[in-house]
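Below: one structure, written as structure tokens.
The values are calculated or read from the model by the stated rules, or taken from the named source; none is laboratory data. Every value quoted in this text rests on a predicted model; they were computed, and no experiment measured them. Here the Cβ is made from the backbone with ideal geometry for all residues, glycine too, and neighbour counts use every protein chain on show. Note: accessible area is taken over every heavy atom of the protein model, side chains too, but ligands, DNA and RNA are not part of it. Shrake-Rupley method; radii C 1.70, N 1.55, O 1.52, S 1.80 Å.
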Amino acid sequence: MKKFYGNYLYKQDLLVIIYFIATLILPRDKVDFHHFGYCFVEYESVVDCDYTVKIFNPLKLYNKFITISKLNNNTTMFEVGATIFIGNLSKDVTEKLLYDSFSNFGVITKTPKILNSYMAKKIKRFGIVTYGSFESSDAAIYAMNGQYFSGRVIYVSYAYSDNSNVKHGSITERLFSENIKLSHDNLIRNYN
């Protein structure tokens with residue numbers, strides 16, 4: 001870490017001037033322990049983060065411009081992983097029909113997707129629906145698995161994670177989801 005204008009003011013101290021930091025992560029090389037030139041700062045509230053980005057952008061420090069941006073400033077930060085797979089869909093099923101039918105079980109956070117799998121002269125259609133909570137996805141799986149939907153028996157289960165052989169809905173994801181809800185509720189409670 002370097003000094004700032006002759007004072008012993010470190011980089012994290014520069015960011016503490018605005019608000020208190022909850023976490024500071026400065027990634028370093030594992031061999032020579034030199035930092036990579038960037039860091040991750042977590043503030044105690046979103047308001048503190050927004051204010052820091054507003055005040056310090058752009059910031060010139062040691063004749064270099066430092067850009068500060070907000071990571072995950074969209075709603076996907078609160079995505080819990082309650083994604084279900086709906087197999088054996090007929091050709092008549094549209095994304096709107098999936099949304100209308102499966103939104104009865106809870107809030108759908110992403111637009112449902114219908115995908116085709118081409119297998120030796122046969123096209124298999126399946127859908128992906130993402131819910132905002134595991135309670136909603138559990139209810140959808142329990143109610144819709146093995147039921148007739150647009151003339152075919154559909155199979156509903158948790159979808160596989162991206163580039164993985166692990167399905168959504170694991171205990172780890174459920175605990176992570178509860179942790180996100182608690183931290184979000186605390187954030188709202190502290191903000192008000």
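Being at pLDDT 80 or above, part of a helix (DSSP H, G or I) and under 24 Å from Ser161 (Cα atoms) is true of Ser101.
Scanning the stretch 109-166 for residues that are assigned to a strand (DSSP E or B) and among the aliphatic types (A, V, I, L, M), we see that the one that is nearest to Thr94 (Cα to Cα) is Ile114. Could you list, in sequence order, the residues of the stretch 78-98 that are assigned to a helix (DSSP H, G or I) and within 15 Å of the chain's Cα centre (by Cα)? Matches in the stretch 78-98: Phe78 only.
Within the stretch 168-177, identify whether any single residue is at pLDDT below 90, assigned to a loop (DSSP other than H, G, I, E, B) and among the aliphatic types (A, V, I, L, M), and answer yes or no. Show your work before the answer.
First pass over the stretch 168-177, keeping only residues at pLDDT below 90: 168-177.
When the remaining residues are screened for being assigned to a loop (DSSP other than H, G, I, E, B), the result is 168-170.
Subset that is among the aliphatic types (A, V, I, L, M): none.
No, the stretch 168-177 contains no residue that is at pLDDT below 90, assigned to a loop (DSSP other than H, G, I, E, B) and among the aliphatic types (A, V, I, L, M).
Figure legend. Inter-residue proximity from the stretch 29-46: first residues open to solvent by 60 Å² or more (accessible area, probe 1.4 Å), second residues among the polar types (S, T, N, Q) and assigned to a strand (DSSP E or B), beta-carbon distance below 8 Å, spacing 6+ or different chains. Indicated pairs: Phe40/Thr23; Glu42/Thr23.
Only residues that are open to solvent by less than 30 Å² (accessible area, probe 1.4 Å) and under 19 Å from Gly151 (Cβ atoms) were counted across the stretch 81-113, and they come to 9. Please verify whether Lys60 is at pLDDT below 75 and open to solvent by less than 90 Å² (accessible area, probe 1.4 Å), treating the condition exactly as stated. Taking the combined requirement at face value, the residue does not satisfy it.
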